[in-house]
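Below: the structure, in structure tokens.
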Amino acid sequence: MTLSRKAALLLATLSLPFAPAALARTAHNTAHKAPVAPVAAPARAVPANAPRLLVAIAVDQFSADLFAQYRSHFTGGLGRLQQGAVFPAGYQSHAATETCPGHSTILTGMRPAHTGIIANNWIDQSVTRAKKVVYCAEDETRTAADPKDYVASVGHLLVPTLGERIKAVWPTSRNLAVSGKDRATLMMGGHVIDQGYWWKGSGFTTLEGRAVGPTAVAQNAAVTTTITAGDKPFDLPDWCGARERAVTAGPVTVGTGRFALNAGDANGFRVSPRLDRAVLDLATRLVDEQKLGKGATPDMLSVSLSVTDFVGHGYGTEGTEMCIQLHQLDTALGDFFASLDQRGIDYAVVLTADHGGFDLPERLDQQALPKAQRAGIALLPEALSDKVGATLGLDPKGLILADGPAGDFWVKRDLAHAQKAQVVAAAKAELLADPQVAAVFTADELAATALPTASPDTWTLLQRARASFYAPRSGDFVVLLQRGVVALPKPGPGYVATHGSPWDYDRRVPMLFWRKGMAGFEQPSPVETVDIAPTLAALIGLNVPAGTFDGRCLDLDAGAGSTCGVTP
Ligand SMILES: [Zn+2]
């Protein structure tokens, strides 16, 4: 496994309890090793005023647009967080605004160019199995012929998370992560996780080689009871009424759903507000089991709530479904914070998202955005291979590979160098003639581009793509679609809308920080999700070498004081 020089340097500096070479190990393998005390880092005193528990919450696909649209209705947990430090224009500043890259930025403080998580999936033509698509959170070396039956692993993440950094300095600290998705648990938790759970099939599962503990067994029993019995639909809040309007996308009609749960329908449970509540209930149970926030050193709890994303994909962002989801999310978060209060824990919260989102083109068209459209099938790698193959007189089979009509594209690896360059040039010319394509950048162009340092709202498309570029994994070229073109050619049940574009509806997310007694403020200027790790590190007095993070510490003190102290 190739490791970036920067990552290797960081790990050496940190004396983390694993050597860089061991990074390729699976979570399974590292899970079996008792955390080794850091070699160089002496035990440091925890500042007296440091919170004893950091809670990092990612609401999957919670765009800044959704936050703006609904924030006046939040009275529960999201209402509470609005009393803290509010950054309504946080940026997942990179181009490939997908779940895995987005989660990888939040607690590492680094952009995908440094985390190595360039997308949810990429093509690796060197893998031995037939299917060359590699999932960001799998160990492809241990996957059998069927990639669906993968071994979940954090091995692709090149850098440590905040929870790992905390444990390296204070070995008694705990690092826990729970989510509806394995990639969210792993990218927020990192390589050294004390407890890690995610939803799989009909209940919560954990890292390979570990048993599901009694706390998660109890949570799974509660979930099973609900699924077995079924559940009535959710009430529609008064203020959701205006959203109730049916819209048709291909074979699917959405816009009026209320999440009635048929008995035995585990997938219906998953794609409903019930799963987020179950994740938060499991988190609360684990707080008790692990005595989080009660020790002498700070603990880290990561929670990623996936249902907003499932609802966004399945129903879009503007129907009754999203309105009910955000109301239920607000309520469930309120109950979660109340349960932490009851336990007398001094905790600090950050809530953000892994990426934003965009409604389905069919409803956008009705609601004053007629230029929204679905990507044409001519952009798919098979169609592109046919055209380029014909132009250059090459066999089109597997000539150009990709995981969809946008993002990274790869050229067949056994072509000669000059021939490969011809394919890239021909594909670029073909794509740029398509009115749906905004830009095509080659790997050479991206490698020659400096990582941007200006405010993320001002970045060019090239700079956004650069922040997603990691040479050993990225494609031979990257395709960015025009604003409003959705990279989902055909809608279907459960999948009518998507994100992943370099446009601000997918890049902008809220960043909300809260701690009891904190005087709140709102800062509308752009910040980045890579600012979260340095901000939280400073809050607990965790010193990290200057230059470690791509982000900066945000001063959460509303007055003349600073929460950033001397920490960079
Ligand atoms: Zn996501």
Estimated distance in nm for a label pair at residue 343 and residue 397, the labels positioned 7 Å out from Cα along Cα-to-Cβ: 5.7
Radius of gyration, Dmax [the stretch 416-503; alpha carbons; angstrom]: 14.7, 44
Heavy atoms of residue 170: accessible area, 1.4 Å probe, square angstrom to 10: 10
Nitroxide proxy distance, nm - points 7 Å out along Cα→Cβ at residue 482 and residue 72: 3.4
Sites residue 447 and residue 558, calculated FRET efficiency, Cβ-Cβ separation with R0 35 Å, nearest 0.05: 0.25
Which of 179, 525 is most accessible, then next, and so on - probe 1.4 Å: 525, 179
Net lengthening on full extension, residue 415/residue 200 (0.36 nm per residue, minus Cα-Cα): 73.4 nm
Global size of the stretch 119-226 as Cα Rg and Dmax, reported in angstrom: 15.3, 45
Considering only the chain, percent of DSSP beta bridges that pair antiparallel, nearest 5: 55
Against the rule of thumb 2.2 N^0.38 Å, how large the Cα Rg of the chain comes out: 0.93
Between the stretch 320-343 and the stretch 139-217, the Cα center-to-center distance that results, in Å: 24
Separation of alpha-carbon centers, the stretch 69-95 and the stretch 97-132, rounded to whole Å: 26
Potential extension, residue 294-residue 217 segment - 0.36 nm per residue separation minus Cα distance: 25.4 nm
For the stretch 163-253: rounded, prolate or oblate by the Cα gyration tensor [a/c cutoff 1.5]: prolate
Heavy-atom accessible surface of the chain: percent carbon and sulfur, 1.4 Å: 54
Accessible area in square angstrom per residue, the chain, 1.4 angstrom probe: 37
Antiparallel bridge percentage (DSSP; both residues within the stretch 163-209; nearest 5): 50
Global geometry of the stretch 281-412, whether rounded, prolate or oblate, following the gyration tensor of its Cα atoms and the 1.5 cut on a/c: oblate
In the stretch 344-427, lysine pairs with alpha-carbon atoms under 16 angstrom apart (chain gap of 8 or more, or interchain): 6
Sequence of 288, 444 from largest to smallest accessible area, 1.4 Å probe: 444, 288
Loop trypsin sites (Lys or Arg not before Pro), the stretch 131-231 (other Cβ atoms within 10 Å of the site Cβ: 13 or fewer; DSSP): 131
Rough spin-label spacing in nm, given labels placed 7 Å along Cα→Cβ, for residue 433 and residue 125: 2.4
Count of lysine pairs in the stretch 153-299 with Cα separation under 27 Å (8 or more residues apart, or interchain): 8
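The values are calculated or read from the model by the stated rules, or taken from the named source; none is laboratory data. This structure is a prediction, so every number in the text was calculated from the model and none was measured. Heads up, the Cβs are rebuilt from the backbone with ideal geometry, glycines too, and the neighbour counts pull from every protein chain shown. Protein only, heavy atoms only, side chains kept; ligands, DNA and RNA dropped before computing areas. Shrake-Rupley method; radii C 1.70, N 1.55, O 1.52, S 1.80 Å.
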